[in-house]
Protein chains: 2
Amino acid sequence: MNLTEAEWLAMKPADFRSKVRQGQWSGPNALKVCQGYALANLAIVPEKYAFEFMLFCKRNPRPCPVLDVTDPGDPHPRSVAPEADLKTDIPKYRVFRDGKLIDEPVNISAYWRDDLVAFLLGCSISFDWALEAANIKYRLLGDYFTDIPCVPAGHFRGRMAVSGRAFASAQAAIRAVQISSRYPAFHGPPVHIGDEKAIGIKDLDKPDAYAPPWPVEPKKPEEVTMFWGCGITPQAVALEAKLPLMITHWPGHMFVTDMMVEELAGI
Amino acid sequence: MNLTEAEWLAMKPADFRSKVRQGQWSGPNALKVCQGYALANLAIVPEKYAFEFMLFCKRNPRPCPVLDVTDPGDPHPRSVAPEADLKTDIPKYRVFRDGKLIDEPVNISAYWRDDLVAFLLGCSISFDWALEAANIKYRLLGDYFTDIPCVPAGHFRGRMAVSGRAFASAQAAIRAVQISSRYPAFHGPPVHIGDEKAIGIKDLDKPDAYAPPWPVEPKKPEEVTMFWGCGITPQAVALEAKLPLMITHWPGHMFVTDMMVEELAGI
């Protein structure tokens, strides 16, 4: 069964998750499937650490906007996709013990436990649908670590990661501030405009973490760069805390919710 | 020392809290002190219940917008008023054991424990400053219990409480939807417009909980009523759960934060 790009984009989330479950999609899905639907990053932690992790997210809402939190042991995200199963419906996972990567499975049923709590965090790729719908001219640069300290909570502390975008003009950047501000569930407005060195990014051409699957071109003089809080922040912070068990999605392989981005707009 | 109404309104939050600590203010403070500053409702629960309570708030953001959550045992709300002490800086408290009221002190130092977690929840009176600043004509009616079910979390379940307001015209009501939507930290947009019976309120003239200290007039035909999620919801739900210990502010006697309402506007 070969589907066209347009067919993957037009697909409903439940159908996409069903294909993931059947092993028919295991690659990156940013901007490739279920156009207009909200994407989420995943962080699963034991209940013992769930309150502190939720506190950390609450205190750092730009990098860590919480979309849904499951009851301990419940793999179904009741608010954003009640029929989905977080053990099987994400294209690819990462499993960490004591902060060390031990597995990269396409299904985490073998690791599931009654005390696990799943956090779904809004992914900024979601508002890229809104930027595209508004015909904003820009390039996605990738994800970087900054020297902006997060507000700590218990075991969790660290620096903020950001996603970078280069806008074709000041006007496009201004419009993007307006548009992204409507989506606090997907990181809201940018955390920085302009010089990346002011927030500790050494080389714009070398993203620290996830980079889009196309070559990063050097910034052009007329472009305006902006940076948004990024969902790899809570994962990095939780890894640094060396939890006995933690499970995340594989970067770029996000969970597709049943919610349209517009349903979750703040205003 | 007699201060005028204008002097109480012009006072900075730190000065007001100092006067509260010194016993110079123990009455209701809605719209009477520190004009333009954000007010918060208080709910203190043992750490054992903190994750479930925070989950409940997350799942019911209209009645339960969380402004700040303290670390266990820490009485200082680091995000919204780091110098304040939640044990002493609120005009009046209520202390409950197993869901029963046991004390109504002006200071809770005797009840404080190392495992207590304080939740500050945005109070809708905060956006009344914004409605007043926009010259909206309306009357505050009081707080009511509805038959709208909250999304449960662990021990916490129950019905939503709302605050009611009667607007002088449809135009005033429409503008109030726009303005309140800017403040998700203070309950955001209304949860209902119009017929109160549709959400289970039997008698608009008889608020179930807190009522303003002036007589409630019957609704006039040209008025439009609207209802916002109300911060007594999480208190009522936590009491129903019969926690071994729970401390709240006394209704109408709110905590005054250092944050201006505009600092916490969503957009």
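Here, each number is a calculation from the coordinates, and none is a lab measurement. Not measured: the values here are computed from a predicted model. FYI the Cβ positions are ideal-geometry reconstructions off the backbone, even for glycines, and counts take in every protein chain you see.
Taken over the alpha carbons of region A:126-230 as equal point scatterers, the Debye sum produces base-10 log I(q)/I(0) values at 0.18, 0.24 Å⁻¹ of -0.86, -1.44. Distance between the pseudo-spin-label points of A:Lys48 and B:Glu132 (7 Å out from Cα toward the beta carbon): 5.1 nm. Here's the picture: charge each Lys and Arg Cβ at +1 and each Asp and Glu Cβ at -1 in region A:126-230, and of A:Tyr138, A:Pro152, A:Ala176 the one pushed furthest to the positive end of that dipole is A:Pro152. Just check the protein assembly as shown against the gyration tensor rule for me: Cα atoms, a ≥ b ≥ c as the square roots of the eigenvalues, rounded for a/c under 1.5, and otherwise prolate or oblate depending on whether a/b exceeds b/c. Taking the square roots of the gyration eigenvalues as a ≥ b ≥ c, the protein assembly as shown is prolate. Measuring from label point to label point, each 7 Å out along Cα→Cβ, what is the A:Asp205 to A:Ala265 span in nm? Taking the simple label geometry, A:Asp205 and A:Ala265 are separated by 3.9 nm.
For region B:19-54, backbone nitrogen atoms closer than 20 Å to the point 7 Å from B:Asp98 Cα along Cα-to-C-beta are found at B:45-49. Mean residue ellipticity at 222 nm, helices only, the protein assembly as shown: -6000 deg cm²/dmol; runs of at least 4 DSSP H residues each add -39,500 (n - 2.57), and the sum is divided by the number of residues. Each of A:Lys242, A:Lys19 was scored by other Cβ atoms within 10 Å of its Cβ. Arranged with the fewest first, they read A:Lys242, A:Lys19. Shape of chain B from its Cα gyration tensor (a ≥ b ≥ c, root eigenvalues): rounded if a/c is under 1.5, otherwise prolate when a/b > b/c, or oblate? Oblate, because a/c is 1.5 or more while a/b does not exceed b/c.
Using a basic spin-label model with each label point 7 Å from the Cα along Cα→Cβ, how many nm lie between A:Val106 and A:Leu31? The two pseudo-label positions are separated by 2.5 nm. Among the listed pairs A:Lys137/A:Lys219; A:Lys58/B:Lys32; A:Lys12/A:Lys137; B:Lys48/B:Lys242; A:Lys100/B:Lys58; B:Lys137/B:Lys220, which have their C-alpha atoms separated by more than 19 angstrom in this model? As for pairs spanning more than 19 Å Cα to Cα, those are A:Lys58/B:Lys32; A:Lys12/A:Lys137; A:Lys100/B:Lys58.
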